[in-house]
Structure formats: C-alpha cells, structure tokens
1. In this structure, is F336 out of contact with any helix residue (DSSP H, G or I) (no Cβ under 6 Å at 6 or more places or on another chain) and within 15 Å of I448 (Cα to Cα)?
2. When the residues of region 260-310 are narrowed to those that are acidic (D, E) and touching a residue at least 40 places away in the same chain (Cβ under 8 Å), which ends up farthest from L439 (Cα to Cα)?
3. Could you please tell me which pairs satisfy a Cβ distance under 7 Å, a separation of 6+ or placement on different chains, a first residue in region 346-359 that is in contact (Cβ under 8 Å) with a residue 24 or more places away in the chain and under 16 Å from E396 (Cβ atoms), and a second residue that is of a type in the set (D, E) and surrounded by 11 or more Cβ atoms within 10 Å (Cβ to Cβ)?
4. What are the residue pairs meeting all of these: first residue in region 195-221, first residue closer than 13 Å to L237 by Cβ, second residue not in a helix (DSSP H, G or I), Cβ atoms under 6 Å, and 6 or more apart or on different chains?
5. State which residue is surrounded by the most Cβ atoms within 10 Å (Cβ to Cβ) when the search covers only region 311-324 and only residues that are part of a helix (DSSP H, G or I) and at pLDDT below 75.
6. Kindly indicate which of D261, D327 is at pLDDT 80 or above and not hydrophobic (A, V, I, L, M, F, W, C).
7. Quick one: which strands (runs of 3 or more DSSP E) sit completely within region 68-143 and have at least 1 residues that are at pLDDT below 85?
8. Sort through P216, P265 and tell me the only one that's in a loop (DSSP other than H, G, I, E, B) and not assigned by TED's automatic domain parsing to the domain that holds I368.
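The values are calculated or read from the model by the stated rules, or taken from the named source; none is laboratory data. The model shown is predicted, which means the values in this text are computed figures rather than measured ones. We place every Cβ from the backbone using ideal geometry, glycine too, and count neighbours over all the protein chains shown.
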Amino acid sequence: MRKKILTAFSLSLIIPIIINISLFYLINNSTVINNYLISDVKLNEKTIKDIEDIEIFLDKFTLKLEDNYSNINDYDTFYKEVFKNNKKYIYNVQIIDSKNMVLFDALNKNHINNKLFTKEEITPFTEDDNYRTATYIYKDNEIVATALISLKFNLGSYFEKYAYITLSISIFSLLILVGLIIFFSFKISKSISEPIKSLHLSAEAISQGNFNVSVPYNEKNEIGKFCSVFDNMRIELKNSFEEKKKYEESRKELFACISHDLRTPITSIKSYVEGLEQGLATNKEKQDRYLSVIKNKTNQLDKMIDDLFCLSQLEIGKFPMDFQVEDSNEIFTDIFNTFEIEFKDKPINFKINNPIPSVKLKCDKRRISQVISNIVENGKKYVGHDGLIQVSTVLEDTSLIISIKDNGSGIEPDNLPYVFDHFFTGEKSRTKKHGGTGLGLAICKQIIKAHGGHIWIESTVHIGTTVYFKLPFIV
C-alpha cells in the first residue's frame, strides 16, 4: 500500500510536469503558435513575420552605433548616419557615457551635455520588454557608452498572448494535477475501503456465529497481508468451533454411553446384593456365583473409571510418565511374551512375525505396555473363534514401527478417521455388544504423542484391522 501511494504521488507530479514541458516546447518551436503570437505585432505599421526580425534589426543598429561613435560630437553627422535612415523603426535614441551624462538625444538636442540621467530613468530601458531596450557601445573591446533605444512598435500584445497561453497551460496542468489527485485518491480509497468493508462483514458474521464469510482481497500489500491473516484466523476459528461442536456432541454421546454402562453393572450389582439380602442364594455354590458376578461388575466399573481418569490426565498433561532409556528388544520381548502366555489357553492365535530390532528408546515401558494391551484387547473382541493377532516390528529412518494386525470384522470407512478422537465410541451396536467406553484408542494416541511418536490405523471391513505406531529411537 505504501508503494502504491508513493507511485500515485509521483505520477501526480511527473505527468503535469511532462505535459508542461511538452507544451512549452511546442510553443517555442511551433510555427502556428509563433505566427499567432506575432500576428498583432507591427513595425512601422507593418506586421512582422518573426519576433527574431526585431532582434536582428537591433543587433545591426547597435553595430551602426559603434561604427559611427567617433562622430558622436558632431550631432548632425551622427544623426544623419545613425538615426535618420532608421527613423521609421526607431522613435528615439539616447546615448549616455559612463558618468550617465547625455552625449546624444535624437529628439532633444538641448539635452546634450546638459542632462544627467538618473538610475530611475535608465532602469525602465533595461527592464521593459515591450518597446524600449538598453545596449552597450563598445570601442576597442571596452564599454564607452550606453544606448537607450525606443522602438516604434509595441510587443505588449505578443507578451499578453504569451502570458495567456502560459497561464492556460498552467491552469490546464493544475486541472490535470487535481484530476490525477482525485483519481488516485479514489483508487487508493477504494483499495482501502473495500477490504475494510469485507473485514467488517466477515467480523460481523463471526460475531453471530457464521464463519463462512471470507475476505476476498488478494492484493500483495499491507492490507492484503492483514486480510490474509484475518481470513486464516476465521478458518482457524471455524475449525475450532467445529471441533468444539464435535467434541460437545461426542461428550454428550459419551455421557449417555457411560450412564448406560454404569447403570447396567450397578443395576446388576444391586439385584444380586438384594438377592443375597433376601436369602435367595440358599446354598454355598449359588452364593459364590452371586459374589463372582458382583466382583466382575465391580471390576468393570473400576476399569471404566480408570479409563476416564487416565484420559483426563493425559489431556491436561498431568499424566505421570516414567521415561527411561531402554533396549527395544528387551522391552517388546517382555510385553509380547506376556500375551503369548495369555493366548495359549484361548481360541485366538498370537504371532510375532519377525525378530525385534535392538535400538535405544526413551520411553515409559508401563505406558507402552498399556498401549499394546489396549490395541490387543480391541482385536480380541472382533476376531472371533480361531482368530489371529500378529505383531511386527521394523526400523524406518530414526523410528521403530510396531504394527498389530487382526483378521477381525474391520472398521467402516466412514468411522475410520474418527477412531482416535476423544469420546468417539464408533458403532454403538458394537460398543454395546462388546462392552467398553471407546476410550482405549484415545488413550493410546495421547500416550504415543507424549513419547514424540505417531499412531495410525488401516482397516478393511470383513478382512481386518492393523494399528501402527512408531517411536523415535536414540541414534
């Protein structure tokens, strides 16, 4: 914008100057204009063809004065040689010496040696451009006298016309200057007012909760940069608002789910406790079965509360982490061995595909184990009888990538982008069927993020799901 203002200001000055110079050049070099200027100038009642004719005549007359200056003391001879033959052009000639004493006066012979010219009398001849002029007379390259010449013509009309044309050019240039200032002011004002109007409309829309009114201004100047930053802010606010809206909806959904999941085990616990109180468990076996159900439901509640607490601590960055530098082979061998033992007595196969690389990791072994446990537990729910869960580890650049793959029912493509979102429960029927609050993968994402890593998922319906996460290792 600063550059545009400077350019407009420069053009406003340069264009009138160029026009002025061009017009003055035209005046001085145009035959038509020159003829117009001298059209009313007459010499001895005759119109002259060129103003330079007067200058040529004066130069010749001055030379004649110098040639006859030796006869200055012989009035009649000097008058005859100098003035008489040029009488039709010259009104009067007065010659004064260096002491301002009159040596010759063509109209008044009595002034000779009797009149002393004052500065006030000489000055008009040196300053008057109309019909009087003063010129020096040289003898042997020295000034011996000054000739005051009055011509028989008037240049007043010439200079009046010249002044009129000059004034017209000045007014024309001024009008162009004013026009340019108005034009550039309008353009600059428009370039400022339009984006400000767009900013106002966008800001007003944002204040009313509408984030879809953009600022369509793409100029590469200060205002353009400001509009771009404002529009980016609008987009960020829109994304934030949508995230917040989605978060609130997910939270409401979660609370509804948690309320249901809490109510179910609590109702079950309440029923079995009332049964014990009323003596419905009449034998030891029935009492043990009642107590076993109560214990399982209590553990389910405890797990749900732990997940909620864990996620809330991770979100606010207060979840305790015990980072230690350890060997990756030792860490994951210990973790995977635990699952191999667990799956020996289950109708699900657990397989480690390749040797575990040995690199140094700065991690919390307990939390990494929690991540793998959450992922494996999710896989167990959906693989079915004789299902397969297999793990692989591989090095890539400066990261160790762990993948956990199952051949379960898979995840719908529409749900796939949201599986790691906080409070996202996915397919409700699946949640109800298999239990849980949908917090497991959200917790995994926060733990891996705290380790400086990244987690993602690939899935195909009816084929299976693979969860990947990578951790940076120490080079």
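1. Numbers: out of contact with any helix residue (DSSP H, G or I) (no Cβ under 6 Å at 6 or more places or on another chain): yes; within 15 Å of I448 (Cα to Cα): no.
So F336 does not fit the description; no.
2. Going residue by residue through region 260-310, those that are acidic (D, E) are 261, 274, 277, 285, 288, 302, 306-307.
Applying the additional criterion that residues be touching a residue at least 40 places away in the same chain (Cβ under 8 Å) yields 261, 307.
On the way: D261: 13, D307: 7 Å.
The qualifying residue farthest from L439 (Cα to Cα) is D261.
3. These pairs meet every condition: S358/D327.
4. Matching pairs, first to second residue: S202/V213; S202/V215; A205/V213.
5. Kept after step one, since they are part of a helix (DSSP H, G or I), are these residues of region 311-324: 311-315.
Those left that are additionally at pLDDT below 75: 311-312, 314-315.
Working: L311: 19, S312: 12, L314: 21, E315: 12.
Among those that are part of a helix (DSSP H, G or I) and at pLDDT below 75, it is L314.
6. Details: D261 fails: at pLDDT 80 or above.
Sole residue among the options that is at pLDDT 80 or above and not hydrophobic (A, V, I, L, M, F, W, C): D327.
7. 90-97, 132-139
8. Values: P265 fails: in a loop (DSSP other than H, G, I, E, B).
One residue alone meets the criteria, P216.
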